[in-house]
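Below: one structure, written as structure tokens.
The values are calculated or read from the model by the stated rules, or taken from the named source; none is laboratory data. Note that this is a predicted model, so its numbers are computed, not measured. Cβ sites come from the backbone with ideal geometry, for glycine too, and all protein chains shown count toward neighbours.
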Amino acid sequence: MIERSASDLLASLSKGDISAEALTGQFLQAIKQREPDVRAFLHINEAGALQQARAVDAKRKRGEPIGLLAGLPVAIKDVLCIKGQPTTCGSKMLQNYRPPYDAHVIERLRGADAVLIGKTNMDEFAMGSSTENSAFQVTANPWELTRIPGGSSGGSAAAVAACEAPLSLGSDTGGSIRQPAALCGVVGLKPSYGRVSRYGLIAYASSLDQIGPFAHTVADAALLLEAIAGHDRRDSTSVDKSTPPYSKNVEEPVKPLVIGVAREYFLEGLDAEVEKAVRAALKVYEGLGAKVQEISLPHTPYAVATYYLVATAEASSNLARYDGVHYGHRTPSQPSPAAGGGQGGGRLIDMVKRSRGEGFGAEVKRRIMLGTYALSSGYKDALYVRALKVRRLIREDFDKAFGGCDVVMGPTTPTAAFKAGEKANDPLAMYLSDVYTISGNLAGIPGVSVPCGFTASGLPIGLQIQAAPFEEEKLLRVARMYERATDWHMRRPKLA
């Protein structure tokens, strides 16, 4: 039961073959059995999940209208606020934080009668590509437990891959949904910037962050996106556009279909097995009648540098609020002046410094320092402002490309999952794990990663598909075409 797709489970729930309570119980049992190895969850809401499931069963029994996800368990990245539940962002800074409100997407999930099963592990404040930066634990890749699941939404990707939840939510600032989806062999979708409200998402880089789904299939991802998308007046960047019925239209092929393949995605650094699998996927599309043509995205080589100026500058600003005063970790009280502690102002500065030093991990500190430097007097124009100009050029590259093709395809990641600890001491090598995904965030366009093969050692490979802004419907339909023609998405890792 736990290995089936969300769409199949929903059909069984609708027919009465299984109750929401029984289904939730099966996933909770899987979590208990598999978590010692996978470590995808930071908090499991067992009592609350079963209570929600029973409420859905009662609504069904009474014949009342039920929501789009009625009875389906959903795991939530621990960057999203759930009222009264731990929301740590994978950081000691927020170790004891329990929000007094729900994020917009959580409100939507409650309205869709989803069962919120728990909070998943992540790189601290969503800063990382391996989930090794979590302050609490390192999540394993379900396909090979010595390897990383990707990041920063590694817990959400691993939870679905390990069949501990049929659906999950993550956030994507530079590839943090698509990259772990590729490395864990599941579907991961980053919507257009503004398609899903960020209200209740603890910010990393506000002009780049976006919330999106993980699932076993494209149809499942369409279902979850339909549940969470839509305008929200509390988010000034939320776009007031109607939400298409993604789950109903996903089975319609896009014909004629023109696929653009960026030559910049197939240069030095791309693993040969990854390239072979992606090239084979393009052949599948040609067999389905699509036209595949080479295109250029000339500013792609500058994307990583641009991202690590824009994102870190915004992180420096966003994380300034964690000062030991307003909320978050606060260092224990300091000695009074009479005891030799100095004057009040000095003690305040020392308290803030110590609170931030104790609460933040090494990678978060690194990015705060990078961002603060990029915004500092004498450097802002040369670094941050110039990065914004290059960001605009990257967006124009995509605008030009979509003038001649429906979607852009290429690898999601340059390699398959690497071993835990392999890149921990090499930040630049870690940053390059997102070399193909970062451009999509800078441009604000939607992208999805779908499974397209395995390496000889049995590690998943992902195909990335990107579309023009707010063309998620076309993106999902194109991705589903490939999925119907292959069986990569049906494979599951062997776990206890």
Fill in the blank from the handout: The lone condition CYS89 fails out of (1) part of a strand (DSSP E or B); (2) under 23 Å from ALA362 (Cβ atoms); (3) of a type in the set (A, V, I, L, M, F, W, C) is (1)
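Scan region 95-114 for residues that are over 25 Å from GLN26 (Cβ atoms) and either part of a loop (DSSP other than H, G, I, E, B) or touching a Gly at 6+ places or on another chain (Cβ under 6 Å) (or both) and report the count. Reasoning before the result, please.
Of all residues in region 95-114, those over 25 Å from GLN26 (Cβ atoms) come to 95-104, 107.
Of the ones still in play, those that are also either part of a loop (DSSP other than H, G, I, E, B) or touching a Gly at 6+ places or on another chain (Cβ under 6 Å) (or both) are 95-104.
Of the residues in that region, 10 qualify.
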Handout entry: Near pairs, Cβ below 9 angstrom, 6+ apart or cross-chain, from region 228-241 (more than 10 Å from VAL196 (Cα to Cα)) to any residue that is of a type in the set (A, V, I, L, M) and in a loop (DSSP other than H, G, I, E, B)
Key = LYS241/ALA229
Practice task
Tell me, yes or no, whether region 34-49 has at least one residue that is touching a Gly at 6+ places or on another chain (Cβ under 9 Å), under 20 Å from GLY200 (Cβ atoms) and among the aliphatic types (A, V, I, L, M).
Solution key: yes
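Any idea how many residues of region 10-56 are of a type in the set (A, V, I, L, M) and closer than 27 Å to SER152 by Cβ?
Taking region 10-56 as the starting set, the residues that turn out to be of a type in the set (A, V, I, L, M) are 10-11, 13, 18, 20, 22-23, 28, 30-31, 38, 40, 42, 44, 47, 49-50, 53, 55-56.
With closer than 27 Å to SER152 by Cβ added as a condition, the list becomes 28, 30-31, 38, 40, 42, 44, 49.
Here the count works out to 8.
Could you check, for region 398-417, whether at least one of its residues is outside any loop (DSSP other than H, G, I, E, B), of a type in the set (S, T, N, Q), surrounded by 19 or more Cβ atoms within 10 Å (Cβ to Cβ) and touching a helix residue (DSSP H, G or I) at 6+ places or on another chain (Cβ under 6 Å)? Break it down stepwise before answering.
To start, the set of residues in region 398-417 that are outside any loop (DSSP other than H, G, I, E, B) comprises 398-402, 407-411.
Then drop every residue that is not of a type in the set (S, T, N, Q), which leaves none.
Within region 398-417, none of the residues are outside any loop (DSSP other than H, G, I, E, B), of a type in the set (S, T, N, Q), surrounded by 19 or more Cβ atoms within 10 Å (Cβ to Cβ) and touching a helix residue (DSSP H, G or I) at 6+ places or on another chain (Cβ under 6 Å).
Within region 72-79, identify whether any single residue is in a loop (DSSP other than H, G, I, E, B), among the β-branched types (Val, Ile, Thr) and under 29 Å from GLY194 (Cα atoms), and answer yes or no.
Within region 72-79, one or more residues are in a loop (DSSP other than H, G, I, E, B), among the β-branched types (Val, Ile, Thr) and under 29 Å from GLY194 (Cα atoms).
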Practice task
Please work out if SER449 is among the hydroxyl-bearing types (Ser, Thr, Tyr), outside any strand (DSSP E or B) and not assigned by TED's automatic domain parsing to the domain that holds SER242.
Solution key: no
Handout entry: Test: ALA227 is in a helix (DSSP H, G or I), within 23 Å of LEU68 (Cβ to Cβ) and within 13 Å of the chain's Cα centre (by Cα)
Key = no
Completion exercise
Only one of THR146, THR120 is over 30 Å from SER317 (Cβ atoms) and among the hydroxyl-bearing types (Ser, Thr, Tyr), namely THR146
Exercise for the section: Working only within region 294-322, note down all residues that are of a type in the set (D, E, K, R), buried (at least 18 other Cβ atoms within 10 Å of the Cβ) and in contact with a Lys or Arg (Cβ under 7 Å, 6 or more places away or on another chain). Expected result: none
Exercise for the section: Six or more apart or on different chains, Cβ under 7 Å: which pairs go from a residue in region 30-54 that's assigned by TED's automatic domain parsing to the domain that holds VAL74 and closer than 19 Å to ILE148 by Cα to one that's part of a helix (DSSP H, G or I) and among the hydrophobic types (A, V, I, L, M, F, W, C)? Could you list them? Expected result: VAL38/ALA158; ALA40/ALA158; ALA40/ALA159; PHE41/ILE31; PHE41/ALA159
Completion exercise
LYS291 meets each of (1) without any contact (Cβ under 8 Å) to a residue 60 or more places away in the chain; (2) out of contact with any strand residue (DSSP E or B) (no Cβ under 6 Å at 6 or more places or on another chain); (3) surrounded by fewer than 17 Cβ atoms within 10 Å (Cβ to Cβ) with one exception, condition (2)
Exercise for the section: Sort through GLY150, GLY154, GLY118, GLY174 and tell me the only one that's at pLDDT 95 or above and more than 19 Å from LEU42 (Cα to Cα). Expected result: GLY174
Practice task
Return the residue satisfying two criteria in turn: it lies in region 45-78 and is within 23 Å of ARG4 (Cα to Cα) and among the basic types (Lys, Arg), and of such residues it is farthest from the chain's Cα centre (by Cα).
Solution key: ARG60
Exercise for the section: Select from region 57-77 the residues that are among the aliphatic types (A, V, I, L, M) and either crowded, with 24+ Cβ neighbours inside 10 Å or outside the structural domain of SER247 (by TED's automatic domain parsing) (or both) and write down the one among them that is farthest from GLU21 (Cα to Cα). Expected result: ILE76
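From the list VAL278, VAL284, VAL292, pick out the single residue that is in a strand (DSSP E or B) and within 21 Å of ASP406 (Cβ to Cβ). Give the derivation first.
Values: VAL278 fails: in a strand (DSSP E or B); VAL284 fails: in a strand (DSSP E or B).
Checking each option against the conditions leaves just VAL292.
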Handout entry: Test: residue in region 216-224 that is under 23 Å from THR455 (Cβ atoms) and in contact with a Phe, Trp or Tyr (Cβ under 9 Å, 6 or more places away or on another chain)
Key = yes
Practice task
Tell me, yes or no, whether region 343-358 has at least one residue that is at pLDDT 95 or above and within 30 Å of GLY462 (Cβ to Cβ).
Solution key: no
Completion exercise
The residue that is surrounded by the fewest Cβ atoms within 10 Å (Cβ to Cβ), considering only those in region 242-275 that are without any contact (Cβ under 8 Å) to a residue 40 or more places away in the chain and assigned to a helix (DSSP H, G or I), is ALA272
